[in-house]
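**Q** Have a look at the structure that comes next, please.
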Amino acid sequence: GAGVSQSPSNKVTEKGKDVELRCDPISGHTALYWYRQSLGQGLEFLIYFQGNSAPDKSGLPSDRFSAERTGGSVSTLTIQRTQQEDSAVYLCASSFMREQFFGPGTRLTVL
Amino acid sequence: TQLLEQSPQFLSIQEGENLTVYCNSSSVFSSLQWYRQEPGEGPVLLVTVVTGGEVKKLKRLTFQFGDARKDSSLHITAAQPGDTGLYLCAGAWNAGNMLTFGGGTRLMVKP
């Protein structure tokens, strides 16, 4: 379909390892967002890309978290030296106007 | 930091009952959105409200935006088991697309 896709759907890793999460937004959407959701709670904003502007990184919880968006399309969220508290569902969304369209998320489990 | 308080956090009701979910902030929203999320999926937009006092209806769901644009409510009439899910409100405080999400209301409708 033409929706937002994320990969992998599930990721289990060991504490201290690095992980990369991928987001493919809807074609033509200029904005891309990453959120974190713990145990079915509300969404915690992480980072926001809008066109060619510098990303808003104000929600990143530590310098272990980084994200990039290549060619204004695909985005990768990288978590270095993962910790158990990083375990959560990581959601990506894209938008053209006000409505945000979400992907199914990546469930990250850090053992 | 703008905060969105959502209540109740959990709601378990019988099929056919009515319910209301509230979303409140001390700040004025430029717009507010309501999303519904099912397990294993990303949130899906239900409605966007922009004008103070605005009321929108979506079948058995009625959404209200407070006159001062600081609060909103979602009312479900004659709830059905298919309404079960996590309901999220999300507010924007400027003309941009950035959203802050409430903590969510987990609704369970028992047959």
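**Q** Principal axes first, then extents: for the Cα atoms of the stretch B:63-111, list largest minus smallest coordinate on each axis, whole Å, largest first.
**A** 42, 21, 14
**Q** Sequence gap at least 6, Cα distance under 8 Å: using those rules, report the relative contact order of chain B to the nearest whole percent.
**A** Rounded, it is 37 percent for chain B.
**Q** Right, another one. Dipole of the protein assembly as shown (Lys/Arg Cβ +1, Asp/Glu Cβ -1, origin at the Cα centre): which of B:40, A:52, A:80 lies farthest to the positive side?
**A** My answer, from the dipole projection, is B:40.
**Q** Something else: Note down the magnitude of the dipole of chain B about its Cα centre, charges +1 on Lys and Arg C-beta and -1 on Asp and Glu C-beta and zero elsewhere, to the nearest 20 debye.
**A** It comes to approximately 140 debye.
**Q** At a Cα cut-off below 23 Å, give the lysines reachable from residue A:17, other chains included and same-chain residues fewer than 8 away excluded.
**A** A:57
**Q** State to the nearest 20 debye the size of the charge dipole of the stretch A:1-97 about its Cα centre, where the only charges are +1 on K and R beta carbons and -1 on D and E beta carbons.
**A** 80 debye
**Q** Oh, and also: Once all Cα-Cα distances of chain B are split into 5 Å bins that start at 0, what whole-number percent is in each one?
**A** Using 5 Å bins, I get a P(r) of 2, 13, 24, 25, 19, 10, 5, 1, 0 for chain B.
**Q** Shifting gears a bit: Tell me the accessible surface of residue B:63 in square angstrom (1.4 angstrom probe, heavy atoms of protein chains only), to the nearest ten.
**A** Roughly 0 Å² of residue B:63 is accessible to a 1.4 Å probe.
**Q** Given a cut-off of under 8 Å on Cα pairs at least six residues apart, what relative contact order in percent is computed for the stretch A:1-71?
**A** Value for the stretch A:1-71: 20 percent.
**Q** Please turn the phi angles of the stretch A:101-111 into ³J(HN,Hα) values with the Karplus equation 6.51 cos²θ - 1.76 cosθ + 1.60 (θ = phi - 60°), one per residue in order, whole Hz, x for glycine and proline.
**A** My calculation for the stretch A:101-111 gives 10, 9, x, x, x, 10, 8, 9, 10, 9, 8 Hz in order.
**Q** Please give the Cα centre distance for the stretch B:1-60 versus the stretch B:79-111, rounded to the nearest Å.
**A** The two parts, judged by their Cα centres, are 5 Å apart.
**Q** Could you size up the charge dipole of the protein assembly as shown around its Cα centre, putting +1 on the beta carbon of Lys and Arg and -1 on that of Asp and Glu, and report it in debye to the nearest 20?
**A** 120 debye
The values are calculated or read from the model by the stated rules, or taken from the named source; none is laboratory data. Bear in mind that the values here come from a model prediction, so they are computed numbers and not experimental data. Cβ atoms come from the backbone with ideal geometry, glycine included; neighbour counts cover every protein chain shown. Ligands, DNA and RNA are excluded from the accessible area calculation, which covers all protein heavy atoms including side chains. Shrake-Rupley method; radii C 1.70, N 1.55, O 1.52, S 1.80 Å.
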